[in-house]
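What follows is one structure encoded as structure tokens, with my remarks underneath.
The values are calculated or read from the model by the stated rules, or taken from the named source; none is laboratory data. Since we're looking at a predicted model, the values are computed, not measured. All Cβ positions, glycine included, derive from the backbone under ideal geometry; neighbour counts span all protein chains shown. For the accessible areas, the whole protein counts, side chains as well, though only heavy atoms, and no ligand, DNA or RNA atoms are used. Shrake-Rupley method; radii C 1.70, N 1.55, O 1.52, S 1.80 Å.
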Amino acid sequence: MAFLRNLFLACAAVTTCLAAPAPYAAERARSLMPRQNAACPNIHIFGSRETTASPGYGSSNTVVNLVLAAYPGSTAEAVDYPACGGQDSCGGIAYGDSANQGTATLAKDINAYYASCPNTQIVLVGYSQGGQITDNVVCGGGDSGASITNTAVPISAGALAQVKAVILMGNPRYQYGFSYEVGTCKAGGFDARPASFSCPSASKIQSYCDAADPYCCTGSDANVHQGYGAEYGQAALKFIQGKLSSSTATSAAVSTTKASSAPSSTKAVATSTKAVASSSVVPTSVKTSSAVASPTGAAVAKYGQCGGSGYTGSTVCASGSKCTVSNSYYSQCL
């Protein structure tokens, strides 16, 4: 398992982990600003990024964007935590310490949001280390890998009741056999839950992991770890829609919302009329997908998939958007 942990901490060599994040201290300072008073939305999303991804949503942005597009008026915010594994680029904070801080931060943010908006339905999306902290917050049970010994669920009963859907992708706490685990992995991650563990919110969760992933499973292909948004994004959205009590859902295929750049602060709230933080996981020089030399088919709505490894659909984006590469597995109309 030490090999897998070391491999995970070397994540900076893979896709989104190449992005150089802003200094964590500066982001933390911004997070201390009071949350602005605003009308409470029907749905609010918390997105937690993967190790060494730049401050923002990281690879959780795929599912976050899909939900924002499907539910006009919904809002989202990125969880502000180190997302580090000892790399200099994120302040040298050890992985366990980062996961510990992230768990505490997410729990605090959810409790605070519930206190302000007790009737808002909450959706949680966590990718990789972000999945681990989300798992810890919703399920409790402690986490030896993050030095968490308290086994209680760290959010209030009221807040937990308002958490309606939880999406975990590439979660190191994955354990094959749980009712909410989805994918081809038949083992566990490098910080897997005990096989006997029972999450009290199991019915709210979908956790995605494939066998070749070396972080949530025991594989050896780190590229698989970055592909869950493209592979399971639509399935995750369908699961979320089945958990939310709302008549406002719209088809992402007919969305006409406008894209914008990432929020200036990860604590800023994004509404469904804006795309969230996609710029935090793409190179500074944005590339346009060229997966198909002569694109054909119906135009893909903004925020829809338009390219990526194995993708066979249309690469033509609706007017006002263009097909933008997030990683080798996923391109999106933005």
### Task
Mind listing whichever residues of the range 50-76 are farther than 14 Å from I122 by Cα, open to solvent by less than 10 Å² (accessible area, probe 1.4 Å) and part of a loop (DSSP other than H, G, I, E, B)?
E50, T51, T52, A53, G56, Y57
### Task
Please indicate, with yes or no, whether at least one residue in the range 77-93 is more than 23 Å from K243 (Cα to Cα), surrounded by fewer than 24 Cβ atoms within 10 Å (Cβ to Cβ) and of a type in the set (S, T, N, Q).
yes
### Message
When you scan the range 210-223, do you find a residue that is closer than 16 Å to G141 by Cα, open to solvent by less than 10 Å² (accessible area, probe 1.4 Å) and touching a residue at least 12 places away in the same chain (Cβ under 8 Å), even just one?
### Response
no
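Those residues that are of a type outside the set (S, T, Y) and either open to solvent by 10 Å² or more (accessible area, probe 1.4 Å) or assigned to a helix (DSSP H, G or I) (or both), I need them from the range 122-139; list them, please. Steps first, please.
Applying the first criterion (of a type outside the set (S, T, Y)) to the range 122-139 yields 122-126, 129-133, 135-139.
Residues satisfying the conditions are Q129, G130, G131, Q132, I133, D135, N136, V137, V138, C139.
Can you tell me which residues in the range 154-183 are among the polar types (S, T, N, Q), under 20 Å from the mean Cα position of the chain (by Cα) and open to solvent by 10 Å² or more (accessible area, probe 1.4 Å)?
Of everything in the range 154-183, those that are among the polar types (S, T, N, Q), under 20 Å from the mean Cα position of the chain (by Cα) and open to solvent by 10 Å² or more (accessible area, probe 1.4 Å) turn out to be Q162, Q175.
Hey, does the range 30-41 have a residue that's touching a Gly at 6+ places or on another chain (Cβ under 6 Å), closer than 30 Å to K238 by Cα and either at pLDDT 95 or above or not in a loop (DSSP other than H, G, I, E, B) (or both)?
Yes, the range 30-41 contains a residue that is touching a Gly at 6+ places or on another chain (Cβ under 6 Å), closer than 30 Å to K238 by Cα and either at pLDDT 95 or above or not in a loop (DSSP other than H, G, I, E, B) (or both).
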### Query
Can you tell me how many residues in the range 158-176 are part of a strand (DSSP E or B) and over 21 Å from K108 (Cβ atoms)?
2
### Query
Would it be correct to say that A192 is modelled with pLDDT of 95 or more, open to solvent by 20 Å² or more (accessible area, probe 1.4 Å), in a loop (DSSP other than H, G, I, E, B) and out of contact with any strand residue (DSSP E or B) (no Cβ under 8 Å at 6 or more places or on another chain)?
no
